[in-house]
Amino acid sequence: MAQEANKVTLSSPVSALSGIGPSRHKALLRLGVETVRDLLFHIPRAYEDRSSISLLAETPAEEKATFLLTVGSSPVTTRLRGNLSLTKFRAFDESASVEITYFNQDFLKNVFTVGETFRFSGKLERKGKRLFLSSPKHERYQENEPLPDYIPCYKLSEGITASVLQKALNQALSLASTTLVDYLPEDIRQRNNLPTLLYALSSLHFPRGIEDIRRGARRLAFDELFLFALRLQLSKTKNAAETSLPIKQADKEIFLSRLPYTLTGAQARACAEIAEDIQKGAPMNRILIGDVGSGKTVCAMYAIFLALNSGHQAAVMAPTEILAQQHFAQMKPFFEEMGYKTALLLGSLSPKEKKEVYRRLAETNEERIDLVIGTHALLSEKTVFSDLALTITDEQHRFGVLQRATLRGKSPHSHLLVMSATPIPRTLALTLYGDLSVSTIDEMPKGRERVDTFVVDCSYRERLLAFIRKQTEEGGQVYVVCPAIQEDIEEENVPLSDLMSPKQEDDRLPLAYAENERETLQKAFPDLKVGLLHGKMKSAEKEAVMAAFAQGELHILVSTTVIEVGINVPNANLMLIENAERFGLAQLHQLRGRVGRGSRKSYCVLLSDAKNGTARRRLETMRTVYDGFKVAEEDLKLRGPGDFFAASGSDEFRQSGGLSFRFAHLCTEEGLLLQAAEEAKNLLEGKTELYPEKHAALQNEIARMMQDTAGIIS
Ligand code: ADP
Ligand code: MG
């Protein structure tokens, strides 16, 4: 018995592995690694490419490179001041020789024997004719044992070095080789040409080559999409039987006559779909997808109107306080004039204010609040409705399936409408929102002026500065978006997602960093206020910066893509995107949607030195296509579905309990995505025979996944 308890399994805490003591265990927990199994799924975020060997003589100074060098002199260690010691020796290749130094690693004396060859990787320095390598990474090279071309780079944390991880992973994989259950039914695995789970994980952690990495990542991406689709189908089946609160017919003229404009054709169609769905007697599960600015809010208001008109309550949930406040400012007067009571519920309200809202939401007399608009605060247990018939979530991709369910759970018979400003191709919508009916708004309100889009290379920088000057002088505001926050020491490494498709030289163009960019712009415009916004900032800081920009206190906002889902700053009229080749089309389109929201003539400038065909074609698409759905179709064709998940899989979305995909962004084939959804559907419809014992592992996996996501939102 006692022995059983000591046996290490995949569910054991990582501390069960040798080499992982309490402090490393803690550090791993910070990385989200709790169990041995979690460790296996802590896959590299990038790989260092050591596949090409450079010659010393041909490598420019300050360039990071990999060399195959033979040790030419015995290492000598000298004491420097204090505890510092320096180990020094020479090594050579056929072109030149180099002096190699290491600090405080005296033991290396015994590693580097004269005549032996090592693979070194580091930054080459030149002083006159002399060459130096300081603390390069090194691996012993043996004629008959090729070294791996790609070295995994993990997200690390204090106390967890690559070699600690590697040792732990070795143990974990050896345990997995006998105990890891491959939950994916064998026939599905074979049909889709996928490796086993064990093979996939070993390939990612200890790759033998790039193809190995791709196959491994493809399997994990498939699994995630497949399990996601399964879960959606399961919840769809579960929902279908319920009945809903009755919503009666209403005179739509009462609603329309209060609007300052007439609906576009697409809005009218969406409103009609909503009305029909909501009156059917079963709970509505609908997503409204429409480009930024296409006018989704009014369709939501129509649904609210129908619910309130039948005497029920409605709730609107937005991902940020600012968005909630914006909706409230618009909806409060509209519905109060019709005699309904409204309230705003934000996490930042005082406990007393919140209590009052809670009380009045649960009320059944005339004090009852009919429409509440709020943030995640609505999900609190304390929010109890007396008669909730409709819940609406805005910017759906910021919320998880389960958050949707939580709000829904407040009133199981209520209708659900979710809104998304991410125009996505139909095939993707069906996969991502398989449990929802889809309404699309694919038409912009009339009179909306187009955001003129330009693609320029870096020789335009001076002219761009003048253009920024002109716009701000005329009272406009400017967004500048960069692909990264600050210089990363691991910059040279290739992100796993980039490895998934053949490498393109444009992926190696020098990057613009938001922090540097802010400084540069501040220097160029000392009289202007330049702000900085990025995902590593605390959310209160972020909101403060956004608010300052919205109020016109900042002239220029330099940011990473965090502004993608953001607020409405109608005064902003120039969007400048650095390294535009780095962004997916869908992303570029979202970014462009941040401008052109007010009366000012607006511009989007895509800055890129990209030369290759695909990158140019993408940017050209942006210049000529303005319809978000068309842009998205093109993106899917050019880059595969990965990009659509990349946005939802970033840390930021994960924190906000988004769809929380971890691997799906590695999916580069539309076919694989469709196949995953298809397989899930077939499995549940019994086209693939379902034997309880055969699929027990799969059922466990779904249960585990649901538990995981539940953890994210609690
Ligand atoms: P989104 O789809 O991004 O949520 P909104 O609902 O916020 O867009 O609408 C964007 C702007 O367009 C708002 O100022 C809204 O008043 C305006 N608008 C919406 N529908 C129409 C319409 N049919 N005609 C003119 N303006 C409209
Ligand atoms: Mg909106």
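Please compute the per residue accessible area over region 452-625 with all protein chains in place, 1.4 Å probe, rounded to a whole number of Å².
Details: 7630 Å² over 174 residues.
Heavy-atom SASA per residue in region 452-625 reads 44 Å².
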Quick one: length gained pulling L108 to A268 fully straight, 0.36 nm per residue minus the C-alpha distance? 50.2 nm
Grab the beta carbon distance between T614 and L511, set R0 = 22 Å, and tell me the FRET efficiency rounded to 0.05. 0.75
Which whole-Hz ³J(HN,Hα) couplings does region 76-81 yield from phi under the Karplus relation 6.51 cos²θ - 1.76 cosθ + 1.60, θ = phi - 60°, glycine and proline marked x? 10, 9, 10, 7, 9, 4
For a label point 7 angstrom out from the Cα of V164 toward its Cβ, which stretches of region 113-142 have the backbone nitrogen within less than 15 Å? none
With the contact rule set at Cα under 8 Å and sequence spacing of 6 or more, what percent relative contact order holds for the chain? 13
FRET efficiency, K538 to N83 (Cβ-Cβ, R0 45 Å, nearest 0.05): 0.75
Equivalent-ellipsoid semi-axes (√(5λ), Cα gyration tensor) for region 58-147, whole Å, largest first? 20, 17, 11
Under a 1.4 Å probe, counting only protein heavy atoms, H413 has an accessible area in Å², nearest 10, of 80
Euclidean distance of C-alpha centroids, region 260-296 and region 16-59, integer Å: 48
Rounded to whole Å², per residue accessible area for region 58-147 with a 1.4 Å probe reads 59
Dipole magnitude of region 452-625, debye to nearest 20 (Cβ charges: Lys/Arg +1, Asp/Glu -1, about Cα centre): 740
Calculate how steeply helix 628-639 sits against the longest principal axis of the alpha-carbon atoms of the chain, using the helix alpha-carbon long axis, and give the answer as 0 to 90 degrees to the nearest 10. 20
Dipole axis of region 58-147 (+1 Lys, Arg; -1 Asp, Glu on Cβ), positive-most option in V76, L133, V114: V76
Please list, ordered by chain and number, the residues whose modelled amide H lies under 5 Å from the amide H of I369; skip anything fewer than 5 residues away on the same chain. L361, E363
Note down the magnitude of the dipole of the chain about its Cα centre, charges +1 on Lys and Arg C-beta and -1 on Asp and Glu C-beta and zero elsewhere, to the nearest 20 debye. 880
Suppose accessible area is computed on protein heavy atoms with a 1.4 Å probe; arrange T422, T196 from highest to lowest. T196, T422
Please list, by residue number, everything in region 116-130 whose backbone N is under 15 Å from a paramagnetic label point 7 Å out along Cα→Cβ of A96. 122-130
Based only on the alpha carbon positions, what is the Kirkwood hydrodynamic radius of the chain, in angstrom? 28.5
On a full-extension model of 0.36 nm per residue, what is the gain between R45 and R126, subtracting their alpha-carbon distance, rounded to one decimal in nm? 26.0 nm
Counting only residues 5 or more apart in sequence or on a different chain, those whose built amide H sits under 5 Å from that of C604 are D452, T453, F454, M575
From largest accessible area down, sort K446, K681, K523; use a 1.4 Å probe on the protein chains. K446, K523, K681
Cα-based Rg and Dmax for region 39-94, in Å, come out at 16.9, 44
Surface share of carbon and sulfur [accessible, 1.4 angstrom probe, percent] for the chain: 51
Measuring with a 1.4 Å probe in the full set of protein chains, what accessible area per residue, in whole Å², belongs to region 270-315? 21
So if I take the centroid of the Cα atoms in region 298-348 and the same for region 82-138, what is the distance between those two points in Å? 67
Provide the FRET efficiency to the nearest 0.05 for the F454-T427 pair, computing r from the beta carbons and using R0 = 30 Å. 0.45
What figure, in Å² to the nearest 10, do you get for the accessible area of C271 with a 1.4 Å probe and non-protein molecules left out? 10
With 5 Å bins from 0: P(r) over region 163-288, alpha-carbon pairs, percent: 2, 8, 12, 12, 11, 8, 7, 7, 7, 8, 7, 7, 4, 2
With axes computed from alpha carbons, what is the tilt in degrees of helix 514-524 against the longest principal axis of the chain, rounded to the nearest 10 within 0 to 90? 80
Charge dipole of the chain about the Cα centre (unit charges at C-beta), most positive-ward option of L607, H205, S350: S350
Counting DSSP beta bridges with both partners in the chain, what percentage is antiparallel, nearest 5? 40
A chain fully extended from Q699 to E145 at 0.36 nm per residue, minus the present Cα-Cα distance, gains in nm 195.2 nm
Exposure ranking of E363, E143 by accessible area [1.4 Å probe, largest first]: E143, E363
As I understand it, the value is the acute angle between the Cα axis of helix 265-278 and the longest principal axis of the Cα atoms of the chain; what does it come to in degrees, rounded to 10? 80
Of K446/K542; K64/K109; K155/K611; K109/K155; K296/K382, those spanning more than 26 Å from alpha-carbon to alpha-carbon: K446/K542; K155/K611; K109/K155; K296/K382
Under the rule of -39500 (n - 2.57) per DSSP H run of 4 or more residues, summed and divided by the residues of the chain, what mean residue ellipticity at 222 nm is obtained, to the nearest 500 deg cm²/dmol? -12000 deg cm²/dmol
Could you calculate, for region 253-319, the ratio of the Cα radius of gyration to the Kirkwood radius, expressed as Rg to Rh? 0.94
Given backbone amide H placed at 1.01 Å from N, residues whose amide H is under 5 Å from that of I289, ignoring those fewer than 5 places away on the same chain, are S420, S439, T440, I441
For q = 0.08, 0.13, 0.16 Å⁻¹, Debye-computed log10 I/I(0) when each Cα of region 245-441 counts as one equal scatterer: -0.23, -0.63, -1.00
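The values are calculated or read from the model by the stated rules, or taken from the named source; none is laboratory data. None of the values given here were measured: they were computed from a predicted structure. We place every Cβ from the backbone using ideal geometry, glycine too, and count neighbours over all the protein chains shown. Just so you know, the surface numbers come from the protein's heavy atoms only, side chains and all, with ligands and any DNA or RNA stripped out. Shrake-Rupley method; radii C 1.70, N 1.55, O 1.52, S 1.80 Å.
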